[in-house]
Amino acid sequence: LISSLLPLVALLAIFYFLIIRPQQKQAKAHKEMVSNLKKGDKIVTNGGLMVEVTKVEETYFVVKHTDGSEMRLVREFVAKLLEE
(Lines give C-alpha, C1' and ligand atoms only; values in the text may rest on other atoms or scores of the structure.)
Protein backbone atom coordinates (compact mmCIF):
# COMPACT_ATOMS: atom_id res chain seq x y z
CA LEU A 1 0.00 0.00 0.00
CA ILE A 2 2.79 2.43 0.90
CA SER A 3 4.69 1.68 -2.29
CA SER A 4 1.63 2.53 -4.39
CA LEU A 5 1.03 5.85 -2.57
CA LEU A 6 4.65 6.98 -2.56
CA PRO A 7 4.72 8.15 -6.23
CA LEU A 8 1.49 10.09 -5.70
CA VAL A 9 2.88 11.81 -2.60
CA ALA A 10 6.11 12.62 -4.44
CA LEU A 11 4.14 14.06 -7.36
CA LEU A 12 2.06 16.24 -5.02
CA ALA A 13 5.22 17.49 -3.27
CA ILE A 14 6.85 18.38 -6.60
CA PHE A 15 3.66 20.12 -7.74
CA TYR A 16 3.55 22.13 -4.49
CA PHE A 17 7.19 23.25 -4.56
CA LEU A 18 7.34 24.04 -8.28
CA ILE A 19 3.95 25.68 -8.85
CA ILE A 20 1.91 26.56 -5.76
CA ARG A 21 4.61 27.91 -3.45
CA PRO A 22 6.27 30.28 -5.98
CA GLN A 23 2.85 31.58 -7.01
CA GLN A 24 1.98 32.32 -3.37
CA LYS A 25 5.30 34.15 -2.90
CA GLN A 26 4.67 36.23 -6.02
CA ALA A 27 1.14 37.14 -4.88
CA LYS A 28 2.43 38.13 -1.44
CA ALA A 29 5.18 40.31 -2.94
CA HIS A 30 2.66 42.01 -5.27
CA LYS A 31 0.24 42.68 -2.41
CA GLU A 32 3.07 44.18 -0.35
CA MET A 33 4.20 46.35 -3.29
CA VAL A 34 0.67 47.68 -3.81
CA SER A 35 0.23 48.44 -0.11
CA ASN A 36 3.51 50.40 -0.06
CA LEU A 37 2.66 52.67 -3.00
CA LYS A 38 2.63 56.37 -2.20
CA LYS A 39 2.07 59.68 -3.92
CA GLY A 40 4.58 60.29 -6.69
CA ASP A 41 5.28 56.63 -7.49
CA LYS A 42 5.19 55.71 -11.16
CA ILE A 43 3.37 52.47 -11.94
CA VAL A 44 2.29 50.32 -14.88
CA THR A 45 -1.33 49.17 -14.97
CA ASN A 46 -2.54 45.79 -16.19
CA GLY A 47 -3.71 47.60 -19.32
CA GLY A 48 -0.19 48.84 -20.02
CA LEU A 49 -0.63 52.49 -19.04
CA MET A 50 2.32 54.17 -17.35
CA VAL A 51 0.89 56.59 -14.79
CA GLU A 52 1.86 58.45 -11.62
CA VAL A 53 0.04 58.00 -8.32
CA THR A 54 -1.39 61.34 -7.11
CA LYS A 55 -3.61 60.15 -4.25
CA VAL A 56 -3.87 56.91 -2.28
CA GLU A 57 -7.34 55.80 -1.15
CA GLU A 58 -8.47 52.65 0.63
CA THR A 59 -9.75 50.78 -2.43
CA TYR A 60 -8.27 52.73 -5.33
CA PHE A 61 -5.57 55.15 -6.45
CA VAL A 62 -6.03 58.45 -8.21
CA VAL A 63 -3.46 58.43 -10.99
CA LYS A 64 -2.30 61.01 -13.52
CA HIS A 65 -1.32 60.25 -17.09
CA THR A 66 1.41 62.19 -18.93
CA ASP A 67 -1.23 64.29 -20.73
CA GLY A 68 -2.45 65.57 -17.34
CA SER A 69 -5.71 63.63 -17.18
CA GLU A 70 -6.53 62.06 -13.84
CA MET A 71 -8.40 58.81 -13.33
CA ARG A 72 -9.16 56.34 -10.57
CA LEU A 73 -7.48 52.95 -10.64
CA VAL A 74 -8.58 49.98 -8.54
CA ARG A 75 -5.70 48.58 -6.48
CA GLU A 76 -5.95 45.13 -8.08
CA PHE A 77 -5.06 46.55 -11.52
CA VAL A 78 -1.56 47.70 -10.61
CA ALA A 79 0.88 45.50 -12.52
CA LYS A 80 4.23 46.78 -11.29
CA LEU A 81 6.18 49.69 -9.90
CA LEU A 82 8.41 51.51 -12.38
CA GLU A 83 11.99 51.83 -11.17
CA GLU A 84 13.69 55.05 -12.18
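Annotations for the structure displayed:
- When all alpha carbon pairs of the range 18-62 are counted in 5 Å bins from zero, the resulting P(r) reads 5, 19, 24, 23, 14, 10, 5, 1 %.
- Between 0 and 90 degrees, the angle of helix 21-35 with respect to the longest Cα principal axis of the chain falls at about 20 degrees.
- Over the chain, dividing the summed -39,500 (n - 2.57) contributions of all DSSP H runs of at least 4 residues by the number of residues returns a 222 nm mean residue ellipticity of -11000 deg cm²/dmol.
- Summarising the label geometry, the points placed 7 Å from Cα in the beta-carbon direction at LEU49 and LEU1 lie 6.0 nm from one another.
- With every protein chain in place, the chain: carbon and sulfur % of accessible area (1.4 Å): 61 percent
- Counting Lys and Arg as +1 and Asp and Glu as -1 over every other residue whose Cβ lies under 12 Å from the Cβ of VAL53, the net charge comes to +3.
- The C-alpha radius of gyration of the chain, expressed as a fraction of 2.2 N^0.38 Å, stands at 1.65.
- With all protein chains modelled, accessible area of LYS28 [1.4 Å, Å²]: 140 Å²
- Helix 2-15 vs. the chain, principal-axis angle (Cα, 0 to 90°, nearest 10): 10 degrees
- Local electrostatic count at LYS38 - Lys and Arg +1, Asp and Glu -1, tallied over other residues with Cβ under 12 Å: +1
The values are calculated or read from the model by the stated rules, or taken from the named source; none is laboratory data. Fair warning: this is a prediction, and the values are worked out from it, not measured in the lab. Don't worry about glycine lacking a Cβ; one is built from the backbone with ideal geometry, like all the others, and counts go over all protein chains shown. SASA here: full protein model, heavy atoms, side chains in, ligands and nucleic acids out. Shrake-Rupley method; radii C 1.70, N 1.55, O 1.52, S 1.80 Å.
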